[in-house]
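Only one structure is covered here, and it is reproduced in the block below.
The values are calculated or read from the model by the stated rules, or taken from the named source; none is laboratory data. Nothing here was measured: the structure is a model prediction, and the numbers come from that model. Don't worry about glycine lacking a Cβ; one is built from the backbone with ideal geometry, like all the others, and counts go over all protein chains shown. Accessible surface areas use protein heavy atoms only, side chains included; no ligands, DNA or RNA. Shrake-Rupley method; radii C 1.70, N 1.55, O 1.52, S 1.80 Å.
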Amino acid sequence: MEPNHERESTVPLPKPEPSQPTSELSKNAKKKLARQERWEAKKADKKAAAKEQKKKETERKRKGWEESIAGMTEEERVKVIEARMSLRKERMEKRLEEKNEKKERLVKAKELRQNVVVDVEFSHLMTPQEIRSLVQQIMYCYAVNGRCDTPAHLWLTGCEGEMDNQLKKIPGFDKWIIEKENKSYIEVLADRRDDLVYLTADSEDVLEELDLKKIYIIGGLVDRNRFKGITMEKAQEQGIRTAKLPIGNFLKMSSSQVLTVNQVVEILLKFLETRDWKTSFFAVIPQRKRSQADSEGNADNTVDEDIDEDEEEGSEQKDDLLTSKKQCVEEIPSNKLVDEV
């Protein structure tokens, strides 16, 4: 579709449903709310238990260290302490070197690499939990991008309201090497309107290749399929191009083809590295989302986990997210739904 420069860029989006008193909720809604409350309580208990366990482990290590040097002579203690300090210094220097290399790659990507936009203008359509889920996915995107040898240059556009508030709560967010805009991409990138491509599964055009001159947009919406086709409608109203990932050309999905923001970003990053869609899909899309035949045929080139859009499943998949949070925090100086595609 050719861009329509004369059409208004504002798109009427569905209004969020007003919150209802608990007494007016349906039976299923009450059950879902109760389940969510139990999950939140369980999560808080787990966090408190983990904090206490960490405290005990720190104390155990401290006592073990004191006992290990208690029977040493003064000369032996000095040597052991110096060796330990030297090892710690080496680790710190290595971390600093890695951090500087990451910064250099991300700065270079700003000038020479692929531009990828996460459109977060949909926050008014999401529940607080869905917004938090999207923020976690964005954290993962930034961490994964920072680990890439050839990272993309990431954008967050439409950062307003509760979405903006939640993003600012991320430790070190103000130090991230990305573009953070309160305005829509259609305003911020008005001079490159012809280069905008919105990725959506509703598009008839299949994305065959990534073009460095193009800017690919991903809909940042966690909605449990309440607003199907919303990104396609938005792109059509704005008169910008659309495309869908060629998933169907390489694998069969076991159920829904909806992917999370972090999965789409990681697929694009993997393709930038390999220039191979099949490798990218099988390296990122978890086995549980693929048909059995595809999973068995590519068992050596897969991942099993992702940050899922379902909060109860997501509560059991913390390793990658914890890594992402750690890497995001490391941005602080040492002295701080995706619609279908």
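Classify segment 48-112 from the C-alpha gyration tensor, please: rounded if a/c falls under 1.5, else prolate or oblate depending on whether a/b exceeds b/c. Taking the square roots of the gyration eigenvalues as a ≥ b ≥ c, segment 48-112 is oblate. My understanding is that a pair violates if its Cα-Cα distance is over 24 Å; which of Lys43/Lys175; Lys108/Lys180; Lys102/Lys270 do that in this structure? Beyond 24 Å: Lys43/Lys175. So what is the diffusion coefficient of segment 210-288 in µm² per second by Stokes-Einstein at 25 °C and 0.890 mPa s, using a Kirkwood Rh over Cα pairs? This corresponds to a translational diffusion coefficient of 176 µm²/s. Here segment 73-140 and segment 40-58 have alpha carbon centers that stand 23 Å from each other.
Shown is the FRET efficiency for Arg77 and Glu57, computed with R0 = 30 Å from the Cβ-Cβ distance and rounded to the nearest 0.05: 0.80.
When a 1.4 Å probe is rolled over the protein heavy atoms, the share of accessible surface on segment 48-112 that falls to carbon and sulfur comes to 54 percent. Binning all Cα-Cα separations of segment 109-188 at 5 Å, short to long from zero, yields these whole-percent fractions: 3, 15, 27, 26, 18, 8, 2, 0.
For the set Asp119, Asp211, solvent exposure ranked by accessible area (probe 1.4 Å, protein chains only) runs largest to smallest as Asp211, Asp119. With the alpha-carbon atoms of segment 113-289 aligned to their principal axes, the span from lowest to highest coordinate is 39, 34, 32 Å, starting with the largest. Structural descriptor for segment 113-289: relative contact order 28 percent, calculated from alpha carbon pairs under 8 angstrom and at least 6 residues apart.
Note on Lys180 and Glu101: the model spin-label points, each 7 Å out from Cα along the C-beta direction, lie 2.7 nm apart.
Taken per residue, the accessible surface of segment 114-246 reaches 37 Å², heavy atoms only and a 1.4 Å probe. Normalised per residue, the accessible area of segment 48-112 is 91 Å², obtained with a 1.4 Å probe and no contribution from ligands, DNA or RNA.
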